[in-house]
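Asker: Sharing a structure with you now.
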Amino acid sequence: MNSHRAFAPFSPFFPSPGGGPGAGLPPGVTPPPPQLLGTFQQLSQSPALAQNFVFQQPAQGAVSFAAGCQNRWTLIVTRTFNVFLMFVTSTNPFGFTQGFIFPTYSFGSFPSSVILWYTCF
């Protein structure tokens, strides 16, 4: 498991058009692991809980993208403490993090610089 905190300027989340509720898993994407689902459900219910959780995690250095998480389920907390569970298909430190977002499996893309913390399985 990789776990990291990033320190970068805030930019808003920009979802891309894609599948909607009930669209199902895209080809080649497995269901998210149960350990990530439980954490995602808890953290997504409260920005304060997400904030407390992130700042209790050990810092792994300043990073601004989901390094090492391509083709893996990744729990992402943004600088505004929004929480996403994403199957990351690509990530770039100076560009965008892209992938399929649980639970709709719609394709999303947002600036990598909005990532405050992440962990992937």
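Asker: Quick check on region 62-71. Is at least one of its residues in a strand (DSSP E or B), of a type in the set (A, V, I, L, M, F, W, C) and modelled with pLDDT of 90 or more?
Answerer: The answer is no, given that none of the residues of region 62-71 is in a strand (DSSP E or B), of a type in the set (A, V, I, L, M, F, W, C) and modelled with pLDDT of 90 or more.
Asker: For Phe40, indicate whether it is of a type outside the set (S, T, N, Q), in a helix (DSSP H, G or I), touching a Phe, Trp or Tyr at 6+ places or on another chain (Cβ under 9 Å) and modelled with pLDDT of 95 or more.
Answerer: yes
Asker: Mind checking which residues of region 80-121 are free of Cβ contacts under 8 Å to residues at least 24 places away in the same chain and within 25 Å of Gln56 (Cβ to Cβ)?
Answerer: Met86
Asker: Quick check on my filter: what residues within region 85-101 are under 14 Å from Asn71 (Cα atoms) and not polar (S, T, N, Q)?
Answerer: Answer for region 85-101, where residues must be under 14 Å from Asn71 (Cα atoms) and not polar (S, T, N, Q): Leu85, Met86, Phe87, Val88, Gly99, Phe100, Ile101.
Asker: Taking the options Phe84, Phe107, name whichever one is over 20 Å from Gln35 (Cα atoms) and outside any helix (DSSP H, G or I).
Answerer: Step by step, each of Phe84, Phe107 is checked, and only Phe107 is over 20 Å from Gln35 (Cα atoms) and outside any helix (DSSP H, G or I).
Asker: Here's another thing I want to ask about it. Give the residues of region 75-121 that are farther than 15 Å from Gln51 by Cα and of a type in the set (Phe, Trp, Tyr), sorted by residue number.
Answerer: Correct list: Phe87, Phe94, Phe96, Phe100, Phe102, Tyr105, Phe107, Phe110, Phe121.
Asker: Then there is this: What number of residues within region 98-118 satisfy the criterion of being modelled with pLDDT under 95 and under 9 Å from the mean Cα position of the chain (by Cα)?
Answerer: Residues meeting the conditions: 3.
The values are calculated or read from the model by the stated rules, or taken from the named source; none is laboratory data. None of the values given here were measured: they were computed from a predicted structure. Cβ coordinates were reconstructed from backbone atoms using ideal geometry, including for glycine residues, and neighbour counts include every protein chain displayed.
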